[in-house]
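Notes to accompany the following structure.
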Amino acid sequence: MKDRLKRISEIQEEINFKELFTNPARLFGYTYFYFLIVLVGLGIYFVQHLNEINKNTIPPFVVTDSLNAKKDISFALPVEIPPVDVFKLSEPTPDLLEKGKAFYNTNCSSCHGETGKGDGPAGLVMNPKPRNFTLKDGWINGRKISEIYKTLQEGILKSGMPAYNHVNPEELFAVIHYVRTFAPDFPKDTQSDLQALNDTYKLSQGKKSAGQIPTSKSLTLIVNENSEKSLIYYGIIELLNQTTPYNSLIISKEKFAGFLVNVITAKMNETEFFNIIKINPVHYGLSPRINFLNEQDKKNFYDYFVSYNYKKV
Ligand code: HEC
């Protein structure tokens with residue numbers, strides 16, 4: 001009976017086994033576990049080797065230097081422009097004309113010429129030529145006070161006529177009046193021209209603004225300042241690498257050099273120097289024996305490391 005049962009189950013297995021060929025999906029039932037292991041293995045391999053696998057693809061765009069990537073502000077001096085009365089300043093007075101002449105001769109005549117003919121030495125090679133104020137033709141902004149004011153505020157940058165927007169409005173009016181003496185027929189501004197001029201540049205309000213320094217510029221300053229410090233640092237390290245009379249007093253060259261950089265840039269005197277060291281010499285890379293030197297030796301030590309370097313800074 002037992003034998004029979006065993007035989008039956010054997011036959012059963014044989015039958016199942018044969019079924020594998022008629023119904024191959026059954027094969028998966030036996031092998032899916034191995035597939036699973038292989039797939040998981042491939043997955044792990046892929047994740048671990050992502051860098052190499054992706055080598056030939058285009059790298060993503062990464063902004064490495066986000067500080068420089070931002071649009072920087074421009075350099076500007078602090079301005080303090082007093083409020084002015086446009087209507088009053090639009091009348092030439094002897095005082096304004098005199099100021100205007102002085103301003104013209106220092107700032108404009110090099111290009112526009114002393115007699116306003118556009119033949120100043122600096123203007124000779126310019127193209128277009130500086131405006132000839134004695135002629136009516138070819139003006140871009142125009143010959144009215146308000147139009148010349150715009151020229152001076154904004155410049156005509158593409159042709160090299162500079163902007164004078166940092167200049168006090170009263171001085172601008174003065175030079176405009178002077179320029180307008182070069183020809184007899186300059187057009188007059190209407191009340192509304194003057195009103196518009198006032199409104200455009202807020203001349204009756206005056207202006208006060210803080211100076212600004214571009215981040216990139218200030219960063220260079222910081223970097224330069226630090227590179228100056230690192231020059232001092234490496235100079236000291238070099239000095240310490242040689243045999244100095246004080247080698248036995250220095251227990252850490254790096255610490256001592258780092259401390260000296262600050263001492264030197266702060267221009268500490270001898271008393272200040274030893275007052276700081278006194279508390280914890282080891283912290284500054286020095287042996288505690290430094291505190292037991294006599295006055296003369298202390299002075300020599302200070303001179304050797306500190307005053308010596310002052311000459312370089
Ligand atoms: C570096 C040379 C240079 C200096 C300095 C200079 N200018 Fe000019 N200026 C020019 C040039 C060049 C032009 C012609 C621009 C053009 O035709 O595009 C011009 C044009 C002008 C115009 C005519 C604008 C228009 O509407 O066509 C006026 C007004 C003027 N300048 C006034 C002045 C005054 C006032 C000063 C001094 C505060 C001055 N310039 C200083 C080069 C200069």
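At full extension, Asn247 and Ser216 could sit 7.0 nm farther apart than now, given 0.36 nm per residue minus the alpha carbon distance. Calculated mean residue ellipticity, 222 nm, the chain: -16500 deg cm²/dmol, from DSSP H runs (n ≥ 4) at -39500 (n - 2.57) each, averaged per residue and rounded to 500. Above 23 Å, the calculated P(r) of segment 215-310 contains 24 percent of its Cα-Cα pairs.
What is the chain by shape, rounded, prolate or oblate, if you read a ≥ b ≥ c off the alpha carbon gyration tensor as root eigenvalues and call it rounded for a/c under 1.5, prolate for a/b larger than b/c, and oblate otherwise? It comes out oblate by the Cα gyration axes. Site pair Asn300 and Thr181 shows an inter-label distance of 7.5 nm when each label is modelled 7 Å from Cα along Cα→Cβ. By its C-alpha gyration tensor, with a ≥ b ≥ c as the square roots of the eigenvalues, how is segment 103-216 shaped: rounded for a/c under 1.5, else prolate for a/b larger than b/c, else oblate? In terms of gyration-tensor shape, oblate. Based on protein heavy atoms only, the chain ends up with 69 Å² per residue of surface accessible to a 1.4 Å probe. Once each of the chymotrypsin sites (Phe, Trp or Tyr not before Pro) sitting in a DSSP loop with at most 12 other beta-carbon atoms within 10 Å is removed, the chain keeps 76-313 as its longest stretch. Charge dipole of the chain (Cα centre as origin; +1 on each Lys and Arg Cβ, -1 on each Asp and Glu Cβ, all else neutral): 680 debye, rounded to the nearest 20.
Given a Förster distance of 35 Å, report the FRET efficiency between Trp139 and Ser227 from their Cβ-Cβ distance, rounded to the nearest 0.05. So, using R0 = 35 Å, E works out to roughly 0.10. Taking the chain as a Gaussian network, Cα atoms linked when under 10 Å apart, which of Glu147, Glu98, Glu272 shows the biggest mean-square fluctuation? Checking each option, the largest mean-square fluctuation is seen for Glu272. Distance from the alpha carbon centroid of segment 106-180 to that of segment 186-221 works out to 18 angstrom.
Given a 1.4 Å probe and the protein chains as shown, Leu221 ends up with an accessible area of around 90 Å². Under 5 Å between amide H atoms, partner at least 5 residues away or on a different chain: which partners does Asp119 have, H built in plane at 1.01 Å? When sequence neighbours closer than 5 places are left aside, the close amide H contacts are Gly113.
For Lys207, the residues 5 or more places off, or on other chains, whose built amide H falls under 5 Å of its own are Ile81.
Compared with the alpha-carbon gap, the fully stretched path from Met126 to Ser159 is longer by 11.1 nm at 0.36 nm per residue. Normalised by the number of residues in the chain, the average gap of Cα pairs under 8 Å and 6 or more apart makes the relative contact order 17 percent. Surface composition of segment 79-209: carbon and sulfur atoms hold 54% of the protein heavy-atom accessible area at a 1.4 Å probe.
If R0 is taken as 41 Å, the Cβ-Cβ distance between Ser287 and Phe75 corresponds to a FRET efficiency of 0.25.
The values are calculated or read from the model by the stated rules, or taken from the named source; none is laboratory data. On a predicted model such as this, the values are computed, not experimentally measured, just so you know. Glycine also receives a Cβ, built like all others from the backbone with ideal geometry; neighbour counts cover every protein chain displayed. Please note that ligands, DNA and RNA were not included when accessible areas were found on the heavy atoms of the full protein model with its side chains. Shrake-Rupley method; radii C 1.70, N 1.55, O 1.52, S 1.80 Å.
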